[in-house]
Structure formats: structure tokens, C-alpha cells
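Report on the structure given below.
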Amino acid sequence: MNVTVLTENSAGRSYNQDCLAEWGLSLHLEVGGVRILFDSGHKGTFSQNAKALGVDLDKTDFIVLSHHHWDHTGGLRFYKFKAKKKLITHPRVPETVMNEQSLDLAADFELTTSKKPVEFSPGIYFLGEIPRHTGFEKGKYKDDAMPDDTAIAIKTANGAIVVTGCSHAGVVNICEYAKKVTGQNLRGVMGGFHLFEDDPAAIDGAVDYFRRESCEFLFPMHCVDHAAMSKFYDTFKVRKYGAGDSFEVMTVGD
């Protein structure tokens, strides 16, 4: 599994002078020959960086949107695919982005919406609506219950890998549901964890959870502030990836 960070809040440590950062997240995933664009950031930065990094977006097999917020969906306005791509998201997202960004997902993409998990490629799941069970995670954004906030789960020989967009549903809630959907233990998590210093209970709860899970890797990115990242580094010695970075995780043969 190859992961390329097309855009993130900060520039990565690859020191690619042609890559820019912006507030938001976009990841390009290659899993067993399947290419997935996960979120698109805010503007055209994801496509500019993809070109600089040699990622051909027109070879994308699936686009997955984690939720409706502008910093995860807005970039799709700035890249025209040569052919209609398969796009998977929660039913709330198309109507919301149409109203807020004049982005017509139904017209521009081969759209699939679901509140339930969808195995859109063998062993790769769109999780749909995430049940809220933890007492330390708000599971919402301000006054919005965020039913559309979701993630991807990938089955591997050594457990499930979870890819999150922003984790408004709660990163622990997401991981627990991913375990249920895949029937596997948790191997690793990457993406937006939505943990901030003004919510120490959520930070401590997530750290305690991941300590018990004994994950092979944790890669917090977008929507994790310095206080939360410091706690994760002190506990797990995590690495922070940013725009322009690329890394591999073994998924076959392990």
C-alpha cells in the first residue's frame, strides 16, 4: 500500500520545492493495484502537487469523500477528470456541497451514496455512518451531529488499516466500527484525528485506546494541534507526514 499526501495543513519533510500545503487533507492510496483519491483538500493544491509528484489523477479508480466540509471536498472544483470517476460518499454530502460550493457530484461523477458500509473493492470498505459509543468523544462538530463523517478501512494479513478524513465522529468510534466491519483487529490508523488542546479528555481517551490496541503505526495528520501531536509523540513516537510526503505500508505477504 502506497500513500501519497497530496495536501495537508503543513508541508512534508520530503522537501519537494514544487509542493504546497493548505488547510485540508487529500491522500492518494494505491492498494493492490487499486488507486483511490481520498478527499481533495480545499482548492487545486491536491492536483498541482499530484502533477509535481508524478501521480496521474486520471488513473484514479475510486474517489471517496469523508464528509461534506469545504477543506475535504472543495478541491474537486479545480480538476476535471478525463472520464467520469466512481465517487463514494454519504447521502448528505452531494446536497450539501451543491448548496455550499456549487459542486454537482451527481453530474460530474459516477456517484454512489450509502449510510451503510460498502466493500467497494475486495477488502476495502467505505464505512458509512459511524456509531457513537465513547464517552470522551463529542462525535459532532459544533452543533452539527455530522452523520456523514466517515472513513475507509482496508483489510490486510495483519489487521485493519483505517484512513480517516477529519474524525468528527471520533477517531476511536471510527476505529471500533472499522474493526466490526472488517472482522479484524486494528493494525494502524492515518489521517485527520480531530484532537485539540481544548478537549483534553478526547486526547487522553484516544491515547489510552491506542495504547491498549498496540497498533503497528499511527500517522496523525490534519486537525491535530501541537498539544495533541506532542502527546502522541511522547507516547508512540509517531511521525508527522505532510503535503508532498509518500510512504509505504506492506499489505500483501507482510
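Annotations for the structure displayed:
- Spatial separation of Cα centroids for the range 1-51 and the range 185-254, in angstrom: 18 Å
- Length-normalised contact order of the range 2-248 in % [C-alpha pairs under 8 Å, at least 6 apart]: 20 percent
- Taking packing as the residue-averaged number of other Cβ atoms within 10 angstrom, the listed peptides 138-148, 188-198 run from highest to lowest as 188-198, 138-148.
- Principal axis box of the range 1-68, alpha-carbon based, largest edge first, Å: 29, 27, 19
- Semi-axis lengths, Å, the chain, gyration tensor of Cα atoms, sqrt of 5 times eigenvalues: 25, 20, 19
- Residues with amide H under 5 Å from that of V34, placed H, sequence gap 5 or more: none
- DSSP H segments from the chain that extend 18 Å or more along their own axis, Cα-based, with Kyte-Doolittle mean of 0.5 or above: none
- Among 103-113, 32-42, 64-74, 235-245, the peptide with the highest mean count of other Cβ atoms within 10 Å heads the list, and the full ranking is 64-74, 32-42, 235-245, 103-113.
- Given K51/K240; K140/K179; K115/K180, the pairs whose alpha carbons are separated by over 19 Å: K51/K240; K140/K179
- Per-residue Cβ neighbour rank within 10 angstrom, fewest leading, D208, D234, D149: D234, D208, D149
- Highest to lowest packing among 86-93, 200-207, scored as the average C-beta count within 10 Å: 86-93, 200-207
- Beta bridges per DSSP with both ends in the range 110-254, % antiparallel, nearest 5: 55 percent
- The range 2-248 - share of DSSP beta bridges that are antiparallel (%, nearest 5): 55 percent
- Amide H partners (placed H, <5 Å) of T156, local residues excluded: I161
Where a number appears in this text, it was derived from the coordinates with a stated rule and is not lab data. None of these values were measured; they are calculated from a predicted model. So basically every Cβ, Gly included, is an ideal-geometry build from the backbone, and we count neighbours across all protein chains shown.
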